[in-house]
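Report on the structure given below.
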Amino acid sequence: MKDSEDVNLSNLVRQLRETKGWTQTQMAAQLVCAPSHIWAIEHRKPRRRNGGWVPSEEFLRKLCAVCAESPEAEVELLRRLLLARSREIVPMEVRCYLSDEVLLAMPDAFLSRLRVDMGKLSAEDVTRVDQACRLSGRLLLVLRGLGRLTPFEVALLAKELGQSVDQYLFAAGYMSEGMKMLVKEYEGCVNLLEVVAGLSPATRRELESFREKVVGLGQGKEPVQ
């Protein structure tokens with residue numbers, strides 16, 4: 001993965017400072033640290049005291065507290081900074097797995113569906129659902145458009161809310177084109193998956209027999225009588 005201007009930790013810190021209109025000395029005053037510490041972070045230069053330039057988690061938490069305009073923005077900013085910090089300290093071989101994409105929003109179709117399905121839940125119910133799906137407090141962030149769920153988490157969430165797992169996976173973009181055709185709703189709000197699931201055993205046997213005949217003809221074989 002290539003570091004870009006928006007995910008590089010030193011650039012993120014510099015952008016925050018410039019957005020606030022602070023000099024390095026002014027930012028240092030806000031964070032109660034030496035201006036040289038800010039300079040070292042922005043220039044990725046080792047400091048004399050500990051030999052490293054990567055800021056601590058405590059420093060980043062303080063930075064978010066003084067820069068964010070709201071509690072929600074503070075949570076989002078902290079996650080972005082901590083992710084960028086993680087990329088600086090992990091071995092190069094695994095750095096590509098710490099992609100900035102994990103902080104992107106779920107598809108609009110999924111978020112719209114999820115917000116409707118959770119719209120009538122109380123705060124206690126939302127917490128219960130979050131815990132049942134083992135999301136560690138991420139559910140509210142996802143609802144606000146921050147962070148992605150894995151296909152497994154989407155399936156757990158659908159089951160916990162009593163919704164269709166297939167439709168949730170479809171809205172989340174976790175289905176192949178073939179599976180999308182199966183769950184796509186047609187006239188009468190019926191999808192092909194529901195039709196197939198509702199076939200009787202006898203009908204399924206007839207279809208299988210027909211398929212075998214067609215395959216046999218395609219291979220130059222006599223159809224089974």
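The values are calculated or read from the model by the stated rules, or taken from the named source; none is laboratory data. Keep in mind the model is a prediction, meaning the values are calculated, not measured. For neighbour counting, all protein chains shown are included, and Cβ atoms are generated from backbone atoms with ideal geometry for every residue, glycine included.
Points to keep in mind about this one:
- Pairs where the first residue, in the stretch 115-134, is in contact (Cβ under 8 Å) with a residue 24 or more places away in the chain and closer than 14 Å to residue 154 by Cα and the second is in a loop (DSSP other than H, G, I, E, B) and not charged (D, E, K, R), C-beta under 6 Å, 6+ apart: 117/161; 117/163
- Set side by side, the residues 17, 87 differ, and just one is surrounded by 15 or more Cβ atoms within 10 Å (Cβ to Cβ) and in contact (Cβ under 8 Å) with a residue 60 or more places away in the chain, which is 87.
- Within the stretch 156-170, the set of residues being at pLDDT 90 or above and among the hydrophobic types (A, V, I, L, M, F, W, C) comprises 156, 157, 158, 161.
- Qualifying positions in the stretch 142-158 - part of a helix (DSSP H, G or I) and crowded, with 17+ Cβ neighbours inside 10 Å: 142, 153, 154, 155, 156, 157, 158
- Qualifying residue in the stretch 44-65 (condition: in contact with a Ser or Thr (Cβ under 6 Å, 6 or more places away or on another chain) and without any contact (Cβ under 8 Å) to a residue 40 or more places away in the chain): yes
- Listed by position, the helices (runs of 4 or more DSSP H) inside the stretch 21-116 whose residues that are modelled with pLDDT under 90 and of a type in the set (Asp, Glu) number at least 2 are 71-89.
- Failed item in (1) modelled with pLDDT of 80 or more; (2) buried (at least 18 other Cβ atoms within 10 Å of the Cβ); (3) closer than 17 Å to residue 104 by Cβ, with residue 138 passing the rest: (2)
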